[in-house]
Amino acid sequence: MPKSPIETERPAESCPLTDSTHEAIARLRENVAGVFIGNPQAIDRVLACLLARGHVLIEDVPGVGKTVLATALARSIHCSFSRIQLTPDMLPGDILGVSVLTRQSNENGSSGSPTFEFKRGPIFANIILADEINRTTPRTQSALLESMQEATVSVDGRIHVLEQPFMVIATQNPFEYEGTYLLPENQLDRFLMRVTVGYPSPEDEARVLTLRPAQHALHELKAVMDRDTVLELQRATDAVRLDESLISYIIALATATRNHAELHVGLSTRGTLALAQAGRATAVLQGRDFVTPEDIYNCMVPVVGHRVVSSAFLQSGDTTSGTQIVEHVLNTVPSPD
């Protein structure tokens, strides 16, 4: 494990974390936890993705609360929200929108020249729940690429800018193969983190059986944070101090994955940027304006595990081998003093 946090002074240009910032995060965390019972680490990782302007892939077996967690976060923020239930017959236009031929009426009541009017799709929202993303075809999956990376949508030669904040929360079942399509590496790379929910503890499961939050509390959930507060928290996350020794630590971790004999593809530069930003967001959730080695350590697997490609995956389709190798790399690369 990493050693004690690095002592750093707050840089003059940083955006300090105020008491109101801490209170806003605490309210948001508590609101989501009131519906999604169990695994507070999963809640914090989804919140970290929000603060870091990243997208999150929630991957686990059916029935453990993936959709509940995503919906609870979306309803806890006073922003626009779209849920897209992805299916094999869905087309890119069903997500992005389509241009429709219309006729405008002239002042005298006669029909004017036909024009094309763009009808926006469900991607034009602040928070998108892409449910069962691996059930739709690669063509439709790729429709999300530009939106997730550039926060824009290009249709018929025109670029439409998406309103901030913009976050995609996707869910998928990793063990169901019939009728599903594996996400390609360039699509996976757009997700800041891949998060697993896991089964609840017996105590938490008893609370779920008693309270049935998905049937009652989820529908009554009220927003506790507005759009401007989210943007303020994201700016505060950008200003969190990342010490030079931690930059070297991130590069050492990335280099170890690139040189590992069992990895066909190591961590890219985009991946190192993601790891650094996830560390900043984790620090904000802990009430700090500086990153510690523990922040990077704890973010390594959810940020990097889905970005590397193992030789075992290419040979046999083993999707767990990359994560296991990342864990090994994490425990062999020394952290800063």
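The values are calculated or read from the model by the stated rules, or taken from the named source; none is laboratory data. Source: prediction; values computed, not measured. With ideal geometry, Cβ positions are generated from the backbone for all residues, glycine too; neighbour counts draw on all protein chains shown.
Structure data summary
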read-out: Residue check, GLY271 touching an Asp or Glu at 6+ places or on another chain (Cβ under 9 Å), within 26 Å of ASN126 (Cβ to Cβ), surrounded by 16 or more Cβ atoms within 10 Å (Cβ to Cβ) and in contact (Cβ under 8 Å) with a residue 40 or more places away in the chain; value: yes
read-out: Filtered residues of segment 279-315 (kept if of a type in the set (A, V, I, L, M), touching a Ser or Thr at 6+ places or on another chain (Cβ under 9 Å) and either without any contact (Cβ under 8 Å) to a residue 60 or more places away in the chain or not in a helix (DSSP H, G or I) (or both)); value: ALA283, VAL291, VAL301, VAL304, VAL308, ALA312
read-out: Hey, ALA276 assigned to a loop (DSSP other than H, G, I, E, B) and either closer than 28 Å to THR136 by Cα or not aromatic (Phe, Trp, Tyr) (or both) or not; value: no
read-out: Out of VAL168, VAL197, VAL208, sole residue that is in a helix (DSSP H, G or I) and in contact (Cβ under 8 Å) with a residue 24 or more places away in the chain; value: VAL208
read-out: Flag for ASP189 being crowded, with 18+ Cβ neighbours inside 10 Å and not β-branched (Val, Ile, Thr); value: yes
read-out: Test result for ALA206, buried (at least 16 other Cβ atoms within 10 Å of the Cβ) and farther than 19 Å from ARG288 by Cα; value: no
read-out: ALA24 surrounded by 22 or more Cβ atoms within 10 Å (Cβ to Cβ) and either touching a strand residue (DSSP E or B) at 6+ places or on another chain (Cβ under 8 Å) or of a type in the set (Val, Ile, Thr) (or both); value: no
read-out: Subset of segment 211-226 (residues that are of a type in the set (D, E, K, R) and either at pLDDT 95 or above or part of a loop (DSSP other than H, G, I, E, B) (or both)); value: ARG212, LYS222
read-out: Single unsatisfied condition, GLY287 versus (1) under 25 Å from ALA26 (Cβ atoms); (2) out of contact with any Cys (no Cβ under 6 Å at 6 or more places or on another chain); (3) surrounded by 14 or more Cβ atoms within 10 Å (Cβ to Cβ); (4) not β-branched (Val, Ile, Thr); value: (3)
read-out: Filtered residue count, segment 275-312, keeping only those that are over 13 Å from LEU51 (Cα atoms) and among the polar types (S, T, N, Q); value: 4
read-out: Scope segment 6-44; condition of a type in the set (A, V, I, L, M), assigned to a loop (DSSP other than H, G, I, E, B) and at pLDDT 85 or above; matching residues; value: VAL35, ILE37
read-out: Residues that are part of a helix (DSSP H, G or I), crowded, with 17+ Cβ neighbours inside 10 Å and among the hydrophobic types (A, V, I, L, M, F, W, C), drawn from segment 229-258; value: VAL230, LEU233, ALA236, LEU246, ILE250, LEU253, ALA254, ALA256
read-out: Flag if GLN324 is modelled with pLDDT of 85 or more, surrounded by fewer than 17 Cβ atoms within 10 Å (Cβ to Cβ) and over 17 Å from the mean Cα position of the chain (by Cα); value: yes
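Conditions tested, residue by residue: (1) among the polar types (S, T, N, Q); (2) out of contact with any strand residue (DSSP E or B) (no Cβ under 6 Å at 6 or more places or on another chain).
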{"residue": "ASN134", "(1), (2)": "yes, no"}
{"residue": "THR137", "(1), (2)": "yes, yes"}
{"residue": "GLU150", "(1), (2)": "no, yes"}
{"residue": "SER154", "(1), (2)": "yes, yes"}
{"residue": "THR171", "(1), (2)": "yes, no"}
{"residue": "LEU188", "(1), (2)": "no, yes"}
{"residue": "SER201", "(1), (2)": "yes, yes"}
{"residue": "ALA214", "(1), (2)": "no, yes"}
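Residue-by-condition table, conditions (1) at pLDDT below 95; (2) on the phi < 0 side of the Ramachandran plot; (3) not small (Gly, Ala, Ser):
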| residue | (1), (2), (3) |
| --- | --- |
| ILE250 | no, yes, yes |
| THR255 | no, yes, yes |
| HIS260 | yes, yes, yes |
| THR272 | no, yes, yes |
| GLN277 | no, yes, yes |
| THR282 | no, yes, yes |
| GLY287 | yes, no, no |
| PRO302 | no, yes, yes |
